[in-house]
Amino acid sequence: MDILLKNNKLNGSVRVPSSKSLAHRYLICGALAKEPGSVISNVSMSEDILATINALTALGAKISIQKDVCTIEKCISTKKSAVINCNESGSTLRFMLPIALMVCDEVKFIARGRLLERPLDPYFDILDKQGIPYELTKSSLKIKGRISGSRFEVPGDISSQFITGLLFLAVLKDQDITIDITTPLQSIDYIDMTTHAFESFGVYVKKEGNSFFVPAGRHFSKKKIPVEGDYSQAAFFLTAGALDNDICVTGLRQSSLQGDKEIINILKDAGAKVLQDDLEIKVQKYRPWPFEIDVGNIPDLAPILAVLACGTKGQSKITNASRLRLKESDRLFAIANELNALGGNVIELEDSLVINGTGSLKGGTVSSHNDHRIAMALAIASTICTGNVKIKDADCVSKSYPLFFEHIANLGGEYEYVG
């Protein structure tokens, strides 16, 4: 579905969805617990979260959903075989693969989009070493066999999701498990979120140098827990404030472990005013100036930071961004191509972007590249355009933020479906 956005300024208050990253982790912890009864509340039902719920169901769990509350009525169980539809959710695939290979003799993962083109080598290396056969196509991955062993090696600079997946596996093992990180660890905040989720459900992970250790005999306990607001999604509206929109963002926890909370400091450093208390955050345009940001630990912020750079005058840089090429789209290409289509001056380099901002954009027709974060960034970009913006395939926002355009409308943004 294509959407035409008029170049309106946004005004009002928005409560952002709950953290997708934490919701994945809480749901899996609850479904792996020693007994059912966990209640996960304030769950935003995006396509990615529904993929994880369906994956857990495929492994024998029973999860009831009442509005935004998920109750684990039955935990996962041993099965001979299972078919798991991950849709386009990288978290679902990378978290569930080791789990499935602990409880199933044979599993088939179904995927859409670029999901199975994204890196899975750390898992394939383990499967190859253990002689576990697998068959990979563009839309499916079949694996026959169960993972064994007590020590695993995984690189830290591809995706922290592999480490989280192996930590889930460790809880299911009946022996001490060590996970050795073989390269510098990026996105450490996501690992902190994993260990926080584990601790919330009664399992403590020990970090020793470049290794994580989970002793035998640890089990998740049932838990009633709400999911906090998502800084990754809030970043779009917080940045909109720095671009001279008048928005209050609610539902965020100041003491959050989410790495994308760094957006607050980035906006301050870029010259915005940030007004914050326990109830809301408001960002105001002040004296914006160019910036240089290393996004190695915060890759999901890159699309909206590129929009921010277009809204300032001068040259900004987004660096250490090579992993963006491995997302739902090649985000370095997508960001540069589409912002340039709106009249920007963005130079795409191998692992970085150079943005020569002029303070505004012109407008035009752009593609989401079927990437939710590209679509949302372009929607915010429309607020600094002198003309309208048409976004092709904008409905991809349902992957993480189904109500995004409704929230845009609630803030006074005008849009219409045009295809």
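We did not get these values from a lab; they are worked out from the coordinates using the rules stated. A quick note: this is a predicted structure, and the numbers were derived from the prediction, not measured. Backbone-built Cβ (ideal geometry, glycine too); neighbour counts: all protein chains shown.
Per-structure values
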{"quantity": "The one condition in (1) part of a helix (DSSP H, G or I); (2) without any contact (Cβ under 8 Å) to a residue 24 or more places away in the chain that I65 fails to fulfil", "calculated": "(1)"}
{"quantity": "Whichever residue in segment 234-255 is touching a residue at least 60 places away in the same chain (Cβ under 8 Å) and within 23 Å of Q186 (Cα to Cα) and, among such residues, is surrounded by the most Cβ atoms within 10 Å (Cβ to Cβ)", "calculated": "A235"}
{"quantity": "Exclusive hit being among the hydroxyl-bearing types (S, T, Y), in contact with a Lys or Arg (Cβ under 9 Å, 6 or more places away or on another chain) and free of Cβ contacts under 8 Å to residues at least 60 places away in the same chain, set T358, T386, T319", "calculated": "T358"}
{"quantity": "Sole residue being within 24 Å of V43 (Cα to Cα) and not β-branched (V, I, T), chosen from G241, G229, G209", "calculated": "G229"}
{"quantity": "Subset tally (residues that are crowded, with 17+ Cβ neighbours inside 10 Å, part of a loop (DSSP other than H, G, I, E, B) and out of contact with any strand residue (DSSP E or B) (no Cβ under 8 Å at 6 or more places or on another chain)) for segment 328-361", "calculated": "3"}
{"quantity": "Among the residues listed as S368, S329, S352, the single one being in contact with a Lys or Arg (Cβ under 8 Å, 6 or more places away or on another chain) and in contact (Cβ under 8 Å) with a residue 60 or more places away in the chain", "calculated": "S329"}
{"quantity": "All positions within segment 256-296 that are over 20 Å from the mean Cα position of the chain (by Cα), of a type in the set (A, V, I, L, M) and surrounded by fewer than 21 Cβ atoms within 10 Å (Cβ to Cβ)", "calculated": "V274, L275, L279"}
{"quantity": "Residue match in segment 144-157 (condition: in contact with a Ser or Thr (Cβ under 9 Å, 6 or more places away or on another chain) and of a type in the set (D, E))", "calculated": "yes"}
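One line per residue, one yes/no per condition, for (1) surrounded by fewer than 17 Cβ atoms within 10 Å (Cβ to Cβ); (2) farther than 13 Å from L101 by Cβ; (3) charged (D, E, K, R):
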{"site": "A111", "(1), (2), (3)": "no, yes, no"}
{"site": "P119", "(1), (2), (3)": "yes, yes, no"}
{"site": "Y123", "(1), (2), (3)": "no, no, no"}
{"site": "K129", "(1), (2), (3)": "yes, yes, yes"}
{"site": "S139", "(1), (2), (3)": "yes, yes, no"}
{"site": "S150", "(1), (2), (3)": "yes, yes, no"}
{"site": "L169", "(1), (2), (3)": "no, no, no"}
{"site": "Q175", "(1), (2), (3)": "yes, yes, no"}
